[in-house]
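A.B. asks: Submitted below is the structure of interest, expressed as structure tokens.
The values are calculated or read from the model by the stated rules, or taken from the named source; none is laboratory data. Only a predicted model underlies this, so the values are computations on that prediction, with no experimental measurement involved. Please note: Cβ atoms are built from the backbone with ideal geometry, for glycine as well, and neighbour counts cover all protein chains shown.
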Amino acid sequence: MNKKELIKKYGLINYPNSIEVDSRKIKIGDMFVAIKGKFADGNDHITNAIQNGASIIVGKRADNTFVNNIQFIHMEDTFDFLNRFSYDYYSSIIEKMTIYGITGTNGKTSTTYFLREILGSLGISTTVIGTISTFIGNEEYPSANTTPYASELYKIFKKSYNENIKHIIMEISSHGLEENRIYGLNFNIGGITNITQDHLDFHKTMDNYINAKMKITEHMKNTPLIVNIDDINVMKLLKRTDYKNIVTVGEGGDYEIKSYELHIDSSFYTILYNNIEFKIKIFIPGLFSVYNSLMAIIMAHKSGIPIEKAIIGVGKLKSVPGRFEIIRNKEIISVVDYAHTPDALSSLLNSVKELPHERIITVFGAGGDRDKTKRSIMGKIADKNSDILIVTSDNPRTEDPAGIINDILTGIKRVEGLFKYIDREEAIKKAVEIAKKGDIIVIAGKGHEDYQIIGNKKIHFSDQEILKELLDE
């Protein structure tokens with residue numbers, strides 16, 4: 001949409017230089033949209049936005065007036081306005097992009113990394129938007145949200161376009177889908193990795209959560225949607241949609257995993273496609289990595305890349321930060337992983353069990369101010385799949401960490417081989433202290449994160465840094 005069309009459609013007095021939801025980022029001539037978040041209400045910061053030079057204010061407390069050349073626009077649903085306006089503002093750029101959208105509870109990040117590697121191996125520059133970071137070509141930027149607010153999301157598109165990058169690989173969170181942060185987007189290729197319990201603090205029920213994930217089909221115009229039919233909740237989703245262009249991964253699917261072999265530093269697997277077997281090697285361990293890499297291969301294949309070239313490309317990825325990340329010395333192997341949902345923890349521990357080992361020592365916790373119902377479930381899973389269990393803190397936020405640990409313990413039956421440490425560093429130290437040659441230490445929950453959120457403060461904390469220091473002693 002050009003400037004004249006945008007001004008006319010929204011009744012603006014001028015064309016804003018930028019769209020911002022953070023009053024601190026406002027510069028002269030910008031539009032400030034006051035949205036209400038979990039911890040702050042933008043309507044409380046309108047004065048600051050004006051002082052910083054905003055020329056247009058959109059919010060519940062604006063009253064459709066003009067004061068000192070500032071336009072005030074009253075809007076009850078500022079989130080909806082932000083989504084619609086941001087898309088219209090950047091639509092001429094967005095429409096020129098090839099967009100890959102990946103949703104699911106677990107595996108989104110790894111799938112984007114695999115797909116980035118495939119495209120990069122063919123000389124295709126990409127932008128990746130996701131949980132760990134945003135990569136525009138080779139430049140890395142921090143991510144505040146898996147799926148940014150529309151105003152920030154489409155700025156990434158613009159910067160990518162200016163750098164001649166036309167391929168966007170996106171993680172799509174359930175929050176992003178439910179809040180329609182991707183308003184107007186249509187994916188050239190879509191993917192659903194799996195759907196398991198998570199974010200019920202936001203969605204309230206699994207039914208709502210599945211429905212949120214299903215919204216990805218609203219952003220597809222009969223383009224291929226790749227889904228994992230080995231996942232029971234994905235199958236439930238498929239029964240609720242009449243979307244036609246579904247490509248299936250799993251038992252009896254269009255792409256079927258026939259066999260696999262897992263090692264501590266690699267995985268081998270064979271797939272059947274069109275009655276032809278293809279052998280694949282990746283360097284990210286774990287059965288879940290088999291599924292994630294295959295999802296990336298299929299997304300590339302359905303975008304027109306020969307499957308043989310996609311298979312070569314996927315084998316070039318050597319690691320994903322905090323996803324089955326191996327840290328070791330001569331005797332002890334440790335695995336750091338982001339697993340923070342019941343299914344992810346189960347998949348992680350089951351993959352570790354398939355590796356040669358003496359004992360599995362698991363360190364994990366659960367986040368505060370989040371879905372409480374999964375805590376005891378994760379406790380039960382860890383109890384079943386570990387020889388020694390150390391329960392600790394994982395971003396307790398404003399909750400009492402001891403209370404969170406007690407919630408986890410309700411799912412644990414054992415008495416022997418169970419330890420509790422509120423201090424996560426002490427928990428990791430205990431794991432290293434008791435580990436013997438042949439044991440595998442699993443530290444789950446934080447993965448790539450280099451912080452702990454205690455109260456409302458973010459404190460530097462890295463599982464990897466602590467492990468490396470302890471293992472070097």
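A.B. asks: Go through segment 381-404 and give me each residue that's crowded, with 18+ Cβ neighbours inside 10 Å, under 17 Å from Ile361 (Cβ atoms) and either out of contact with any helix residue (DSSP H, G or I) (no Cβ under 6 Å at 6 or more places or on another chain) or not assigned by TED's automatic domain parsing to the domain that holds Val363 (or both).
C.D. replies: Correct list: Ala382, Asp383, Ser386, Ile388, Asp394.
A.B. asks: If you scan segment 28-61, which residues turn out to be closer than 11 Å to Phe72 by Cα, in a strand (DSSP E or B) and either under 26 Å from the mean Cα position of the chain (by Cα) or among the basic types (Lys, Arg) (or both)?
C.D. replies: The one that is closer than 11 Å to Phe72 by Cα, in a strand (DSSP E or B) and either under 26 Å from the mean Cα position of the chain (by Cα) or among the basic types (Lys, Arg) (or both): Val33.
A.B. asks: Inside segment 303-313, can you point out the residues that are part of a helix (DSSP H, G or I) and in contact with a strand residue (DSSP E or B) (Cβ under 6 Å, 6 or more places away or on another chain)?
C.D. replies: Across segment 303-313, the qualifying residue is only Ile311.
A.B. asks: With at pLDDT 90 or above and either crowded, with 19+ Cβ neighbours inside 10 Å or under 22 Å from Thr109 (Cβ atoms) (or both) as the only criterion, which of His199, His203, His219 stands out?
C.D. replies: Criteria check complete, one pass: His219.
A.B. asks: Among the listed residues Ile124, Ile136, Ile73, Ile102, identify the single one that is buried (at least 24 other Cβ atoms within 10 Å of the Cβ), of a type in the set (A, V, I, L, M, F, W, C) and in contact with a strand residue (DSSP E or B) (Cβ under 8 Å, 6 or more places away or on another chain).
C.D. replies: Only one candidate qualifies: Ile102.
A.B. asks: Another question, then. Restricted to segment 166-193, and to residues that are within 15 Å of Arg116 (Cβ to Cβ) and out of contact with any Pro (no Cβ under 6 Å at 6 or more places or on another chain), which residue is surrounded by the fewest Cβ atoms within 10 Å (Cβ to Cβ)?
C.D. replies: Ranking the candidates gives Lys166 first.
A.B. asks: Please enumerate the residues belonging to segment 4-27 that are assigned to a helix (DSSP H, G or I) and loosely packed, with under 12 Cβ neighbours inside 10 Å.
C.D. replies: Lys4, Glu5, Lys8, Arg24
A.B. asks: Oh, and also: Go through segment 209-257 residue by residue and tally those that are aromatic (Phe, Trp, Tyr) and either touching a Phe, Trp or Tyr at 6+ places or on another chain (Cβ under 6 Å) or not assigned by TED's automatic domain parsing to the domain that holds Ser293 (or both).
C.D. replies: Qualifying residue count, segment 209-257: 1.
A.B. asks: Answer yes or no as to whether Asp207 is of a type outside the set (A, V, I, L, M) and in contact (Cβ under 8 Å) with a residue 40 or more places away in the chain.
C.D. replies: no
A.B. asks: Being charged (D, E, K, R) and touching a residue at least 24 places away in the same chain (Cβ under 8 Å) is the filter here; which residues of segment 26-48 pass it?
C.D. replies: Selection gives Lys27, Asp30, Lys36.
A.B. asks: Still on this model: Can you tell me which of Lys457, Lys374, Lys380 is of a type in the set (Lys, Arg) and either free of Cβ contacts under 8 Å to residues at least 12 places away in the same chain or on the phi > 0 side of the Ramachandran plot (or both)?
C.D. replies: Lys457
A.B. asks: When the residues of segment 149-165 are narrowed to those that are crowded, with 21+ Cβ neighbours inside 10 Å and either under 15 Å from the mean Cα position of the chain (by Cα) or charged (D, E, K, R) (or both), which ends up nearest to Ile35 (Cα to Cα)?
C.D. replies: Tyr149
A.B. asks: Then there's this: Please specify each residue of segment 23-41 satisfying the condition of being at pLDDT below 95 and not aliphatic (A, V, I, L, M).
C.D. replies: Lys36, Gly37, Lys38, Phe39, Asp41
Here's the yes/no breakdown for (1) basic (Lys, Arg); (2) outside any loop (DSSP other than H, G, I, E, B); (3) modelled with pLDDT under 95:
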{"residue": "His301", "(1), (2), (3)": "no, yes, no"}
{"residue": "Glu331", "(1), (2), (3)": "no, no, yes"}
{"residue": "Val335", "(1), (2), (3)": "no, yes, no"}
{"residue": "Gly368", "(1), (2), (3)": "no, no, no"}
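A.B. asks: Anything in segment 73-91 that is closer than 16 Å to Tyr183 by Cβ and either of a type outside the set (A, V, I, L, M, F, W, C) or in a loop (DSSP other than H, G, I, E, B) (or both)? List them, or say none.
C.D. replies: Met75, Asp77, Thr78, Asp80, Asn83, Arg84, Ser86, Tyr87, Asp88, Tyr89, Tyr90, Ser91
A.B. asks: Take Glu331 and tell me if it is in the same structural domain as Lys384 (by TED's automatic domain parsing) and either touching a His at 6+ places or on another chain (Cβ under 7 Å) or surrounded by fewer than 21 Cβ atoms within 10 Å (Cβ to Cβ) (or both).
C.D. replies: Against the criterion (in the same structural domain as Lys384 (by TED's automatic domain parsing) and either touching a His at 6+ places or on another chain (Cβ under 7 Å) or surrounded by fewer than 21 Cβ atoms within 10 Å (Cβ to Cβ) (or both)), Glu331 qualifies.
A.B. asks: For segment 166-186, give me each residue that is in contact (Cβ under 8 Å) with a residue 40 or more places away in the chain and either under 17 Å from the mean Cα position of the chain (by Cα) or not assigned by TED's automatic domain parsing to the domain that holds Val290 (or both).
C.D. replies: Correct list: Ile168, Ile169, Met170, Glu171, Ile172, Ser173, Ser174, Leu177, Glu179, Asn180, Arg181, Ile182.
A.B. asks: Give all pairs with beta carbons closer than 9 Å in which a residue from segment 347-358 that is in the same structural domain as Thr196 (by TED's automatic domain parsing) and in a loop (DSSP other than H, G, I, E, B) meets a residue that is of a type outside the set (S, T, N, Q) and modelled with pLDDT of 95 or more; count only pairs at least 6 apart in sequence or on separate chains.
C.D. replies: So the pair list comes out empty.
A.B. asks: Same structure again: Asn68 versus (1) at pLDDT 95 or above; (2) under 20 Å from Pro16 (Cα atoms); (3) exposed (fewer than 14 other Cβ atoms within 10 Å of the Cβ); (4) not hydroxyl-bearing (Ser, Thr, Tyr): which is the lone unmet condition?
C.D. replies: Against the list (1) at pLDDT 95 or above; (2) under 20 Å from Pro16 (Cα atoms); (3) exposed (fewer than 14 other Cβ atoms within 10 Å of the Cβ); (4) not hydroxyl-bearing (Ser, Thr, Tyr), Asn68 comes up short only on (1).
A.B. asks: Only one residue in Ile377, Ile361 is surrounded by fewer than 23 Cβ atoms within 10 Å (Cβ to Cβ) and either in a loop (DSSP other than H, G, I, E, B) or modelled with pLDDT of 95 or more (or both), so which one is that?
C.D. replies: Checking each option against the conditions leaves just Ile377.
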